[in-house]
Structures are given as structure tokens and as C-alpha cells.
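Reviewing the structure listed below.
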Amino acid sequence: MSDIKKLAQSFTELEEQLIVCIRCGMCQSVCPVFEQTHKEADVARGKLALLSGLMNTMFDDPGGVSNRLNKCLLCGSCAANCPSGVNALEIFIKARTILAEYMGLSPIKKIIFKHMLSKPRLFNSLMSMAEKFQPLISLKKSETQGTSCARFDLPLMGHRHFRALAKEPFHHSFQKTVLKTKVSKIRIALFTGCLIDKILPEIAHAVVKTTVHHDIELVIPDNQGCCGIPALASGDRTSFNSLVEHHVKLFDPKRFDYLVTACATCTSTIKKFWPSLGTDIDPCLKRQLAQLSSKTLDINQFLVDVAGIPLKKKTPGKDAKAIITYHDPCHLKKSLGVHKQPRQLITASGYQLKEMAGSDRCCGMGGSFNLFHYDISTSIGKLKQQNIMDTGCNTIATGCPACIMQISDMLSKEGALINVKHPVELYAETL
């Protein structure tokens with residue numbers, strides 16, 4: 001009975017948010033999924049209409065409701081452009097949680113979230129083992145994007161050109177580290193994130209190089225894990241809460257001035273979802289989450305707005321005539337309003353920045369969306385790939401490791417000789 005009451009309470013809270021939607025259809029014009037499918041059910045307005053009758057619909061066809069809700073990139077384009085201020089992103093995640101509590105997670109998701117992802121040390125060990133077996137199933141495809149493809153027709157890997165696991169994850173190089181400088185006035189803590197740690201460690205190394213160069217004291221706690229967004233996006237709030245509580249113990253907000261990440265999704269999750277959806281148990285923990293949220297900054301934002309790096313153009317580490325274009329990650333621009341700082345970091349590196357058409361249009365990654373709707377994800381990604389190539393650039397920069405993987409996939413399959421990097425990598429090369 002208590003579970004039913006809890007479920008009813010969740011519905012009531014959801015309905016209070018749904019009332020705000022006036023069904024104007026503004027979300028339709030900015031939804032990347034609707035642009036491909038032209039189905040009302042795939043746009044935010046259609047999903048919100050579905051949720052208005054969720055209580056009855058869920059009992060009649062819970063699987064159908066779940067499938068429609070999960071056919072969403074969670075890019076936040078609808079929320080960013082809603083004239084009524086409907087936070088569709090938060091509504092969809094809450095609805096997924098309600099459905100997961102009612103239906104339960106699939107066996108594979110239970111294994112991944114509850115027994116692997118929520119246990120950082122175990123997850124790190126499993127990924128290290130996976131890296132050793134990687135050559136048996138993958139084949140190098142592009143040196144420019146650093147992509148590989150599957151040797152065999154494997155589930156989920158299909159025709160993807162993917163960035164493989166790094167030979168040495170970042171946490172093997174830096175464990176329980178405090179990098180001090182003689183004149184440091186600022187102390188930051190680095191939240192690495194899964195993709196950077198295990199697939200793109202060069203980004204984290206660029207952060208270390210840059211902060212040390214600018215005399216910024218850097219704390220890198222050991223045993224870091226996932227920020228929790230994959231579990232939360234699948235409705236597994238228990239695993240999400242477990243990861244949040246794990247990281248609060250590692251990142252005591254009293255020990256540093258700023259918590260910095262080089263991952264747009266991690267930054268958005270820590271700032272937006274940790275304090276609002278993290279846990280409702282301990283008031284002390286709530287206060288810590290609020291403090292962490294207020295101290296969290298994207299690395300581009302930190303370097304430009306806080307560290308005050310020189311914004312004058314300097315001699316770049318490579319060809320001064322290199323043209324860079326920039327892709328705005330959805331979770332950075334739409335969720336956090338960070339878009340000028342990455343561009344300032346690129347131009348401060350001495351490169352020529354050339355804007356692409358639709359720089360803030362979603363690349364189509366969307367985490368698990370890419371796994372289960374690869375056809376739609378690819379169609380959206382190809383639009384981004386064409387816009388990138390139309391600039392004639394040598395390098396595409398973006399502040400999100402997931403976007404880096406999606407764009408690398410698209411460019412690699414096209415055979416384009418265009419590098420894919422993080423702005424902080426470009427800046428670090430000049431130091």
C-alpha cells in the first residue's frame with residue numbers, strides 16, 4: 001500500500017508540472033528527433049500529452065509508454081525554447097523513474113547500473129579487463145579521428161566507428177593527487193567522468209597541464225565513478241542516488257573553491273540533477289549537494305571567467321592557418337548557457353574560428369538513444385557532419401566527450417581528414 005501511495009504522490013507532482021504546457025508546439029520546430037520522424041509522438045508536446053493521462057495509460061500499456069518516453073535525446077532543446085518555461089527534460093526523467101519503479105528495470109540494466117556502474121572500483125577493473133580483449137573484436141579504422149570498427153557483426157556495435165578504450169585510463173596516472181604550485185590562489189577539484197577517464201584521457205591530461213601552467217592547485221580524488229546520468233535517464237534513481245552519495249564523500253565542498261569538469265553532461269548533471277533529484281533523505285547531504293552545485297563549472301567557463309587566461313591570440317602549437325569550427329554541446333549551451341567561453345579559449349590558442357551552420361543543433365548522440373535508435377541518431381549526426389565539412393575546417397572542437405564520439409563516428413565513416421578535439425586540448429598544445 002505504501003508503494004501505491006508513493007506512486008500516486010509521484011503522479012501528483014508530475015501533473016503539477018504538466019499543467020504549465022499550453023501545447024503551443026514551439027518544441028516541434030527545435031526537436032531533432034521530430035525533424036527526422038515527423039511524428040507528433042516524438043516531440044515534447046506529444047510526450048507531455050501522453051503523460052497527462054499517464055496513470056491510466058501506464059496500467060494499460062506500460063511498455064508502449066516507456067518506449068515513447070525513451071525515444072528522446074534529452075537534449076533540452078524543447079525546454080530551452082519553451083515560452084511557458086516547461087522543464088520537459090526534468091519531466092521526462094521523472095516520468096521514466098515512475099515507469100521504472102512500476103515496471104522494474106530490464107535484467108541487463110540491473111546488471112549494468114546496480115552491479116557495475118554504481119560500484120566504481122569494480123567498474124574500473126572490468127573496463128581494464130575489457131581493454132585487454134579489445135584487439136580481438138575491433139579493427140583500427142581512422143587515424144585522424146582515432147576510431148575503430150568491429151571485426152564481426154556484434155550487437156550494438158553494428159556499423160559504428162567508435163573511439164576505443166584507452167590503453168591507460170586517466171585514473172592510473174593520477175590517484176589521490178594534489179598538484180600544488182608556489183603562488184596558487186585557487187584550488188579546484190577535477191571530476192573526470194567515465195568517457196574522459198576510460199576513452200579520452202588526453203582531455204584530462206590537457207586540464208592538468210593547463211591548470212598547473214596557470215598556478216592553480218588541483219585536487220584529483222581517487223575512486224571516482226560515473227556522474228549517474230545513464231542510470232537516472234533510465235529511471236534507476238536508486239543507483240543514481242548511490243553514485244551521488246559516493247561522490248559527495250569524495251568531493252567535500254569545503255576542500256576546494258571550484259569543482260571543474262571537462263564533460264558538458266557531467267557539469268549539467270552535477271549542477272542541475274544532483275541537488276534536485278539526488279536524494280531526499282539527509283538534510284546535511286542536501287546542503288552539501290547545493291554547495292557542490294554552486295561551485296561546479298565547465299573547464300572552458302572556469303579558465304575564461306575565473307582563472308582569467310590571457311585572451312590575446314598566441315602562437316598555436318600547430319599550423320597557424322588551421323581552421324577550427326565549434327559544436328555547442330546541448331548540455332553546455334542549452335542547459336547551462338555556456339557558449340562564449342569555449343570560443344574564447346579556441347581563439348586564445350591562436351586558431352582561426354569559423355562558425356558552422358547550426359552549431360547548437362544536437363549532434364544526435366543522446367547516450368543510450370544512440371544505442372537503441374542508431375538509425376535516427378545517424379540521420380541527425382550526418383546533418384552535423386555535413387555542416388562541419390562545409391566550413392573547410394581542419395579540426396572540429398566541442399566540450400562534450402559524448403559529442404566527440406558521435407562526431408568522430410560520422411566523420412570517420414565519411415573518410416574526412418578532420419580532427420575532433422576538446423577546446424582545452426587545443427589550448428594546452430600552445431603552452
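Bear in mind these aren't lab numbers, they're just calculated from the coordinates by the rules spelled out. This one's a predicted model, so the numbers in the text were calculated from it and none came from an experiment. Every residue, glycine among them, receives a Cβ derived from its backbone with ideal geometry; neighbour counts consider all protein chains shown.
As a proxy for reagent exposure, THR238, THR269, THR391 were ordered by neighbouring Cβ count within 10 angstrom, fewest first; the result is THR238, THR391, THR269.
Annotation: the antiparallel percentage among DSSP beta bridges lying fully within the chain is about 30. Taking the C-alpha atoms only, the angle from helix 401-414 to the longest principal axis of the chain is near 80 degrees. When the Cα positions of TYR326, MET389, SER412 are compared along the charge dipole of the range 323-428, TYR326 comes out farthest toward the positive end, with charges on each C-beta of Lys, Arg, Asp and Glu. From its DSSP helices (H runs of at least four residues, each -39,500 (n - 2.57)), the chain gives a residue-normalised ellipticity at 222 nm of -14000 deg cm²/dmol. I'd like the orientation of helix 120-137 relative to the chain: the angle between its Cα long axis and the longest Cα principal axis, in ° from 0 to 90, rounded to 10. Helix 120-137 and the main axis of the chain meet at about 70 degrees. Here the relative contact order of the range 296-431, from alpha carbon pairs under 8 Å that lie six or more residues apart, stands at 30 percent. Loop-located trypsin sites (Lys or Arg not before Pro) in the range 84-152 (DSSP state not H, G, I, E or B) with no more than 13 neighbouring Cβ atoms inside 10 Å: ARG151. Report the local net charge at ASP236: Lys and Arg +1, Asp and Glu -1, summed over other residues whose C-beta lies under 11 Å from its C-beta. After counting each charged neighbour, the total is +4.
For the range 170-306, a crude dipole built from +1 on the beta carbon of Lys and Arg and -1 on the beta carbon of Asp and Glu, taken about the Cα centre, is about 320 debye to the nearest 20. Neighbour counts of C-beta atoms inside 10 Å place GLU40, GLU245 in the sequence GLU40, GLU245, starting with the fewest. Sorting MET26, MET410, MET103 from the fewest to the most surrounding beta carbons within 10 angstrom yields MET103, MET26, MET410.
Recomputing log10 I(q)/I(0) by the Debye sum over Cα atoms at q = 0.06, 0.13 Å⁻¹ from the coordinates shown identifies the correct label among (1) -0.23, -1.08; (2) -0.24, -1.23; (3) -0.35, -1.11 as (2).
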